[in-house]
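Data block below; observations after.
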Amino acid sequence: QLPKADVNAALRSVVPDLNARLARFKPVAMPYNAAALNARERQMVDQLVIALRQVEAMFWRQSDPEGLALYKALEKIDMPLARSTRRYLWINGSRWDLVNENEPFVGRRPMPPGHALYPADLTRAQADAYVASHPDRKALLFGPYTVVRRNGTDLVGTKYHDEFAAFIRPAAAALRKAADLSDDAPFAKFLRLRADALFKDDSNASDMAWLGLQKPKFDVIYAPAGPYT
């Protein structure tokens, strides 16, 4: 459930040089030539797109759920500032400017160090103090694939595959359908292992399968797959 966006307040708080910032990004055409693919390959690509859209939905919710709510709300507003703000939200995946030291370009709230994966007001000192008092929860709360929330004075951790189950299920289903449509057995194996990985928060087996691909006609990368993705 996304928070409700206050569109009017958000647009009043947009940085005055937004158009100049947008001008730094030039569209690059990346045409997709479906004519070069057979019918099964086109169906496979359609399934990969479905899976990728689910991953994108998860990313937005990890990065900036409020920004996503604003992005969706702005779609219905036909005015230049709304269109420009929406595009810059899409470029950054949040309300924070990736090429301006993560400063906010909508509102004044600084970027939380943990984005939406941790409570915005949680400091490292507070987290360390909490796990010192609750050592049995350290592995979960400090896990690389854990979302942390407050529950009163407690910190509660939820693994990605549980927190984002509503997106993981259709993403995995699409990956498996794509695998069934692939004529490249190693690539199909990679897709099935990647689907399994979404339910385990462990991509090692699928990473190894990806590394073993031999000049595949198709290639996709699904995160989280390492610190570089």
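Brief remarks on what is shown
- Meets criteria (open to solvent by less than 70 Å² (accessible area, probe 1.4 Å) and touching a residue at least 24 places away in the same chain (Cβ under 8 Å)) for A205: no
- Odd one out for I50, checked against (1) touching a Gly at 6+ places or on another chain (Cβ under 8 Å); (2) open to solvent by 40 Å² or more (accessible area, probe 1.4 Å): (1)
- Of residues in the stretch 1-42 being open to solvent by 50 Å² or more (accessible area, probe 1.4 Å), over 24 Å from the mean Cα position of the chain (by Cα) and in contact (Cβ under 8 Å) with a residue 24 or more places away in the chain, the one nearest to L81 (Cα to Cα): N19
- Applying the criterion of being more than 17 Å from G152 (Cβ to Cβ) and of a type in the set (D, E, K, R) to the residues of the stretch 116-137, the residue that is least open to solvent (accessible area, probe 1.4 Å) is D128.
- Check on P113, exposed (fewer than 13 other Cβ atoms within 10 Å of the Cβ) and under 17 Å from the mean Cα position of the chain (by Cα): yes
The values are calculated or read from the model by the stated rules, or taken from the named source; none is laboratory data. What you see is a predicted model, and the numbers here were worked out from it, not measured in a lab. Glycine gets a Cβ as well: all are built from the backbone with ideal geometry, and neighbour counts include every protein chain shown. Calculation scope for accessible area: heavy atoms of the full protein, side chains included, ligands and nucleic acids excluded. Shrake-Rupley method; radii C 1.70, N 1.55, O 1.52, S 1.80 Å.
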